[in-house]
Amino acid sequence: MVIIGVTGGIASGKSTVTKFFIDLGAYLIDWDVLGHEVILPQKRAWKGVVEYFGTEILNEDQSINRQILGQLVFNKPEKLQRLNQIAHPEIIKEDKRLVEKIRSGDPNAIIIKDVPLLTAEIKEIFVDRAVVVYASEENQTKRLKDRGFTVEEAKKRIGAHVSIDEKVKFADFVIYNDGSMEETKRQVEKVYNQILLEEGHV
């Protein structure tokens with residue numbers, strides 16, 4: 001079994017790359033999805049988040065309004081750090097459970113972990129290889145504009161994230177996503193086949 005962490009800058013195309021890996025037969029563990037699940041009403045992380053940020057972040061059904069929460073932590077490192085301290089232990093528990101479930105069903109599995117905040121430290125503990133999806137700031141800005149952001153908002157969003165060049169430093173593979181979908185797909189296939197070869201699966 002081999003675990004590949006996929007990360008990149010905002011609007012770099014991580015979802016596209018992840019989908020291509022799944023199409024090739026990889027299993028997916030999406031830390032964003034786990035992040036949503038662990039703060040569902042009455043779960044341990046939900047209680048911690050509500051205790052810290054207050055009940056004004058709640059919708060009528062007691063679920064956390066992620067838009068309000070996002071505004072509270074955006075550009076506020078200390079609040080974002082506290083949110084991560086509450087949620088990450090629960091995400092990690094769920095991650096370990098899913099890895100074991102996949103391992104028991106398929107010992108030769110290739111697991112893709114979509115980890116937006118992948119760092120060198122997280123890589124060391126939770127993944128065997130790191131794939132960084134790279135896109136130019138120009139393309140990141142264009143894609144964010146297509147999602148409805150202004151240029152100024154897009155640049156703020158990009159600036160608020162860890163520089164993609166910093167992530168490239170600890171990458172085992174870099175997939176450049178400034179070209180066509182076919183070009184990106186070919187790069188994913190090359191990485192996937194290389195990992196299969198290294199693991200002795202072919």
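I'd like the GluC sites (Glu not before Pro) in the stretch 39-78 restricted to DSSP loop residues with at most 11 other Cβ atoms within 10 Å, sorted by number.
Glu60
Answer with one residue from Ala45, Thr18, Leu34: the one whose Cα lies farthest towards the positive end of the charge dipole of the stretch 1-63, charges on Cβ with Lys, Arg +1 and Asp, Glu -1.
Thr18
Can you give the local net charge around Lys43? Use residues other than it whose beta-carbon is closer than 12 angstrom to its beta-carbon, Lys and Arg +1, Asp and Glu -1.
Charge balance in the 12 Å sphere: 0.
Does the stretch 123-181 come out rounded, prolate or oblate by the C-alpha gyration tensor, with a ≥ b ≥ c the root eigenvalues, rounded set by a/c under 1.5 and, if not, prolate when a/b is larger than b/c and oblate if not?
prolate
Explain nothing, just compute: Karplus ³J(HN,Hα) = 6.51 cos²θ - 1.76 cosθ + 1.60, θ = phi - 60°, for every residue of the stretch 56-73 in order, whole Hz, x for Gly and Pro.
Whole-Hz 3J(HN,Hα) from phi for the stretch 56-73: 5, 8, 8, 7, 4, 7, 6, 6, 7, 7, 5, 5, 5, 4, x, 5, 5, 9.
Run the numbers on the chain and let me know its relative contact order in percent, using alpha-carbon pairs under 8 Å that are six or more apart.
Reported relative contact order: 38 percent.
Rg over Rh of the stretch 40-107, using C-alpha atoms and the Kirkwood radius, what does it come to?
1.10
When the Karplus curve 6.51 cos²θ - 1.76 cosθ + 1.60 is applied with θ = phi - 60°, which whole-Hz ³J(HN,Hα) does each residue of the stretch 82-93 get, with x for Gly and Pro?
5, 4, 5, 5, 6, 7, 4, x, 6, 4, 5, 4
Given a cut-off of under 8 Å on Cα pairs at least six residues apart, what relative contact order in percent is computed for the stretch 40-107?
27
By how many degrees, 0 to 90 and rounded to 10, does the Cα axis of helix 44-53 deviate from the longest principal axis of the chain?
So the helix axis and the longest Cα principal axis differ by about 50 degrees.
What residues have an amide H closer than 5 Å to that of Tyr134, excluding those fewer than 5 places away on the same chain, when H is modeled at 1.01 Å from N in the peptide plane?
Answer set, sorted by chain and number: Ile175, Tyr176, Asn177.
Could you derive backbone 3J(HN,Hα) for the stretch 172-187 from the dihedral phi with the Karplus parameters 6.51, -1.76 and 1.60 (θ = phi - 60°), listing whole Hz in sequence and x where the residue is Gly or Pro?
Here the 3J(HN,Hα) series is 8, 9, 10, 10, 8, 10, 9, x, 7, 4, 5, 5, 5, 4, 4, 5 Hz.
What nm value, rounded to one decimal, do you get for the distance between Thr55 and Gln85 when each label is placed 7 Å out toward the C-beta?
Between Thr55 and Gln85, the label points sit 2.5 nm apart.
Enumerate the lysines that Lys190 could reach by cross-link, defined here as Cα to Cα under 25 Å, with residues fewer than 8 away along the same chain left out.
Filter leaves Lys14, Lys19, Lys113, Lys123, Lys167, Lys169.
Please report how many Lys pairs in the stretch 40-107 have alpha carbons closer than 22 angstrom, counting only residues at least 8 apart along the chain or sitting on separate chains.
Pairs that pass both the separation and distance tests number 9.
For Val6, list long-range residues whose amide hydrogen, built 1.01 Å from N in the peptide plane, is under 5 Å from its own amide hydrogen.
Residues meeting the criterion, in which the H sits 1.01 Å from N, are Lys113, Asp114, Val115, Val131.
Using alpha-carbon pairs under 8 Å, 6+ residues apart, how would you state the relative contact order of the stretch 77-180 in percent?
With pairs under 8 Å counted, the relative contact order is 31 percent.
Here, each number is a calculation from the coordinates, and none is a lab measurement. Since the structure is predicted, the reported quantities are computational estimates derived from the model, not experimental observations. Cβ: placed from backbone, ideal geometry, glycine included. Neighbour counts: every protein chain shown.
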